[in-house]
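This report refers to the structure that appears directly beneath it.
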């Protein structure tokens, strides 16, 4: 049964939407009561889906709740090739085994937002991997070189004398052909995907299909204020543990609180407006940030986990108390640098040394000043203000 409630449709067409192509066409289709095929593709360029990518996933859920067919495409073929849409330099090709490792839990992660059992989950290698040179030539004939080099990021790179590979120019053809294969009525994507999304319309017309409508979403900033990107490590991931997710949310710059509430949650817009007005009226942004952090943890874990994460944050960050409960670990080596890496408090030995140098590592509440410091059973290791591990 397709839900054609005008209020729900208007909310779908406006919340978290930067541009609709074409708005009137899509509104008419949604009001018609016909089930539409809604497409979203995500390339597994990293093992984790972050909340920036949750924006179109939440929009997919909005469509799903109205009764429409959801096609979630895992770009295992396009992920190898690499999309240059948001890059100012050439994106290197990924190895197939890296992509395969990255995508292992993508459907499961998307299932934190979608009713994944009711979605069609596909890999685009199923059809892109079978295309011939003749097929690619036919697809390429639908576009001109001028269209590709007019794109802002490509034009800037060419003007700067930076290499633009021909491989990068093929990516929009592949994403566009995905739309042909699944006969998409609507495709979702970020504002940086606009050219690729329009390529789907071009190829659908070439193959005699009605061109898909498009909804683009704004891109969200990471916890450091730059664009959220796995390569910069400024992400909040759907798989983050509750305490980590809460703590990361509390690092979001104050000016992005309302933006986050609008784009990456489904808190009512009335509540979002209240929050905006309260902050503008002089309320402490920290209170709104706590509510945002709790909402994110509730979405991906539970309300109980959100409450516990709030208490953990208050005790460890505000009151600077050592938590009663913390992970326990038996290291292979007792040197503090090795322990920091083994426990994954740091990603590398160089990062661990920087943390020690910066005074950010403690053993039993005493700052570590030497790379040669040793730990033993019962010691409590602290990195930063929020991360604790007990050695057993």
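In the stretch 289-311, the residues that are farther than 24 Å from residue 279 by Cα reach residues that are surrounded by fewer than 17 Cβ atoms within 10 Å (Cβ to Cβ) with C-beta atoms within less than 7 angstrom, at least six apart or across chains, in these pairs: 300/112. Taking helices (runs of 4 or more DSSP H) as the structural unit, those lying wholly within the stretch 48-156 and holding at least 2 residues that are touching a strand residue (DSSP E or B) at 6+ places or on another chain (Cβ under 8 Å) correspond to 51-65, 106-110. For residue 247, the requirement of being at positive phi and either modelled with pLDDT under 95 or not in a helix (DSSP H, G or I) (or both) is not met. Per the listing 74, 49, the residue uniquely under 18 Å from residue 117 (Cα atoms), surrounded by 20 or more Cβ atoms within 10 Å (Cβ to Cβ), at pLDDT 95 or above and touching a helix residue (DSSP H, G or I) at 6+ places or on another chain (Cβ under 8 Å) is 74. Just to be sure before I move on: is residue 233 surrounded by fewer than 18 Cβ atoms within 10 Å (Cβ to Cβ) and under 16 Å from the mean Cα position of the chain (by Cα) in the structure I sent? Yes; evaluated as a whole, the condition is true for this residue. Checking every residue in the stretch 115-125 against the condition of being over 30 Å from residue 32 (Cβ atoms) and in contact with a helix residue (DSSP H, G or I) (Cβ under 9 Å, 6 or more places away or on another chain) gives at least one match. Taken over the stretch 173-211, residues that are out of contact with any strand residue (DSSP E or B) (no Cβ under 8 Å at 6 or more places or on another chain) and modelled with pLDDT of 95 or more amount to 17.
Looking at the stretch 313-340 only, could you name the residues that are farther than 11 Å from residue 375 by Cβ, touching a helix residue (DSSP H, G or I) at 6+ places or on another chain (Cβ under 6 Å) and at pLDDT 85 or above? Across the stretch 313-340, the qualifying residue is only 313. All conditions in (1) in contact with a helix residue (DSSP H, G or I) (Cβ under 6 Å, 6 or more places away or on another chain); (2) without any contact (Cβ under 8 Å) to a residue 60 or more places away in the chain; (3) part of a helix (DSSP H, G or I) hold for residue 255, with the sole exception of (1). Suppose the filter is assigned to a loop (DSSP other than H, G, I, E, B) and either closer than 16 Å to residue 214 by Cα or in contact (Cβ under 8 Å) with a residue 60 or more places away in the chain (or both); does residue 25 pass it? When the stated conditions are applied, residue 25 does not pass them. Here the stretch 346-369 is the region considered, the condition is being surrounded by fewer than 16 Cβ atoms within 10 Å (Cβ to Cβ) and in contact (Cβ under 8 Å) with a residue 12 or more places away in the chain, and the residue that is nearest to the chain's Cα centre (by Cα) is 349.
Just one residue in the set 131, 170, 122 is within 21 Å of the chain's Cα centre (by Cα) and touching a residue at least 12 places away in the same chain (Cβ under 8 Å); that residue is 122.
The values are calculated or read from the model by the stated rules, or taken from the named source; none is laboratory data. This structure is a prediction, so every number in the text was calculated from the model and none was measured. Positions of Cβ are generated from backbone atoms using ideal geometry, with glycine treated the same way; all protein chains shown enter the neighbour counts.
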